[in-house]
Amino acid sequence: MKLILKKYGFKSICLLLALITYQVQAQQKRYNIVWINADDLGRELSCYGHPAVHTPNIDGLAKQGVLYTNAYANAPVCSASRSSQITGMYPTAINSLDHRTLNVTTLPDGIQPITDFFKQAGYFVSNGNGWDLLKSEGKKDYNFIPDIKYDGTDWSQRKKGQSFFAQVQIKYPHRTFVKDEVNPINPDDVVLPKCYPDYPLLRADWAMYLESVQHCDEVVGQILNKLEEDGLAENTVVFFFGDHGRPHLRDKQFLYEGGLQIPLIIRWPNHLKAGEIDKRLVSLVDVAATSLAISGIKTPYELHGKVYLGKHKEKRKYIYGFRQRTGDAVENMRSITDGRYKLIWNRTYNRPWMQLSSYKKLQYPAFALYHYLHNKGELKAPYNQFMAATKPEFELFDLDKDPMEFENLADKKSSKKIQNKLFQILASQLKEYEKNMVLEDDVTIAEAKKGSEIYYEKALQQQKLEISVDATYEDIVKDWENRLLKK
């Protein structure tokens, strides 16, 4: 020891020991990260002002953390949104926008899923099913190759003391909806969003959606309890969100508010003020960047997501939305909003909003009901707008005055300035965001449509529905009424 002190000096040894101690303490203080990701969940939660739905566990999480009122997915369908979430990049930039992409490619330009960065930093990385308490692998649904290899399904599988990044996937409230026998919701008591006409069939479907949301809440409670029981709650940052908007007509698969709006709640003990409401614009692509920043992990390239917590937080000025083919419904839509005005660019404006979607024809009562009422001339304004044979190229909405997005202000003289501004920003950003996108050719699209046709035929058989493949929309509506309106 005397030789060491003589050679290096007392002060140098002290500095070295202090540095080692600091590094050990920093390692010990690293926060665990948990993403609780609910499938198709909109903001229909008690803590977001919906008293008809019973969500005590999510409400409790909101009281312990921060609730975000302006959080959005950047794609209104699961595979595109999840691919974006796990990379921190917009789905077009990683060729992952077409739902269940058929021309799947490797991630471009050295881009990696954030799981790689967590692993390199020594984290245990897991992906588990919430509904069976992490005993099996959770949903991935990524539109790129190679497939992500997780270390396990449950953080309890990690080495003792190892920090972890855990994804917890909850299948609710994705269709097919599941009744809640403990806390049933009377369709007569629900208040439908004003973007839907008030029909008994739609009220019954909405009540079933809310009951499925309640099942989601049960799973959230189980996961939060597990963190408590494992003694991990105080050192774990919990992110709770939906992978995109709610599974209803004019919502999922579209760039309207219902398709992109998500709940976002974050609990970070001793860092975020409990019970706070945050009105900032936040995109799901930001969750990856923020999770890495909390963990002190830097990426070798710039993510599209912005850090919105901590010392290096940034303010987001715009939310971008992206939609392409989903099943057999081929589209090309982009959107931008500053929180007040939203511009939707319908590049495939020659197609109807209500073109065939085998998935929605099978799962959405409203899809058949709209067609049925429209064919009889009984679908009233403003709902009949959605049945138009083509779309306008541009849709511009004042979200403060028109939150249901029915009054298109595009090309009106009074709105031209804001329309031009939003379009110029969107078009400029798309040059960067779309540079790696591979457009599907006619052969690929035909393959996708054939796959959707087969899916529809098989689903009718599996669900033992009393309708044929060539059933009319009137037949389908009557079948839904028999299933949902029976007393």
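Brief remarks follow.
- Residue 61 part of a helix (DSSP H, G or I), open to solvent by less than 10 Å² (accessible area, probe 1.4 Å) and either in contact with a Ser or Thr (Cβ under 9 Å, 6 or more places away or on another chain) or of a type outside the set (D, E, K, R) (or both): yes
- Identity of the residue in the range 445-468, at pLDDT 95 or above and β-branched (Val, Ile, Thr), that ends up least open to solvent (accessible area, probe 1.4 Å): 445
- Evaluation of residue 217 against (1) open to solvent by 10 Å² or more (accessible area, probe 1.4 Å); (2) part of a helix (DSSP H, G or I); (3) over 28 Å from residue 405 (Cα atoms); (4) among the charged types (D, E, K, R) (one fails), failing number: (1)
- Residues in the range 97-145 that are closer than 30 Å to residue 329 by Cα, open to solvent by 40 Å² or more (accessible area, probe 1.4 Å) and outside any loop (DSSP other than H, G, I, E, B): 105, 106, 137, 145.
- When residue 368 is tested against the conditions (1) modelled with pLDDT of 95 or more; (2) open to solvent by 20 Å² or more (accessible area, probe 1.4 Å), the lone failure is (2).
- Of all residues in the range 102-131, those satisfying the criterion of being polar (S, T, N, Q) and modelled with pLDDT of 95 or more are 105, 106, 112, 115, 120, 126, 127, 129.
- Cβ-Cβ under 7 Å pairs, at least 6 apart or on other chains, the range 384-413 side in a helix (DSSP H, G or I), far side of a type outside the set (Ser, Thr, Tyr): 384/374; 385/406; 386/250; 386/353; 386/354; 387/354; 387/374; 387/379
- Some residue of the range 466-482 being in a helix (DSSP H, G or I) and under 27 Å from the mean Cα position of the chain (by Cα): no
- Qualifying residue in the range 350-359 (condition: part of a helix (DSSP H, G or I), over 22 Å from residue 85 (Cα atoms), touching a residue at least 24 places away in the same chain (Cβ under 8 Å) and open to solvent by less than 60 Å² (accessible area, probe 1.4 Å)): yes
Conditions tested, residue by residue: (1) farther than 27 Å from residue 224 by Cβ; (2) touching a strand residue (DSSP E or B) at 6+ places or on another chain (Cβ under 7 Å); (3) touching a residue at least 24 places away in the same chain (Cβ under 8 Å).
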site	(1), (2), (3)
77	yes, yes, yes
103	yes, no, yes
107	yes, yes, yes
117	no, no, yes
151	no, yes, yes
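- A Cβ distance below 6 Å, combined with a sequence gap of six or more or placement on separate chains, defines the contacts here; from the range 303-330, residues that are closer than 30 Å to residue 449 by Cβ reach residues that are open to solvent by 20 Å² or more (accessible area, probe 1.4 Å) and outside any loop (DSSP other than H, G, I, E, B) in the pairs 327/359; 328/449; 330/445.
- Residue match in the range 26-40 (condition: open to solvent by 10 Å² or more (accessible area, probe 1.4 Å), under 25 Å from residue 272 (Cβ atoms), at pLDDT below 95 and not in a helix (DSSP H, G or I)): yes
- Condition broken by residue 387, with the remaining ones in (1) buried (at least 17 other Cβ atoms within 10 Å of the Cβ); (2) touching a His at 6+ places or on another chain (Cβ under 9 Å); (3) not aromatic (Phe, Trp, Tyr) satisfied: (1)
The values are calculated or read from the model by the stated rules, or taken from the named source; none is laboratory data. What you see is a predicted model; the values in this text were computed from it and never measured. Backbone-built Cβ (ideal geometry, glycine too); neighbour counts: all protein chains shown. Side chains included, ligands, DNA and RNA excluded: accessible areas come from the protein's heavy atoms. Shrake-Rupley method; radii C 1.70, N 1.55, O 1.52, S 1.80 Å.
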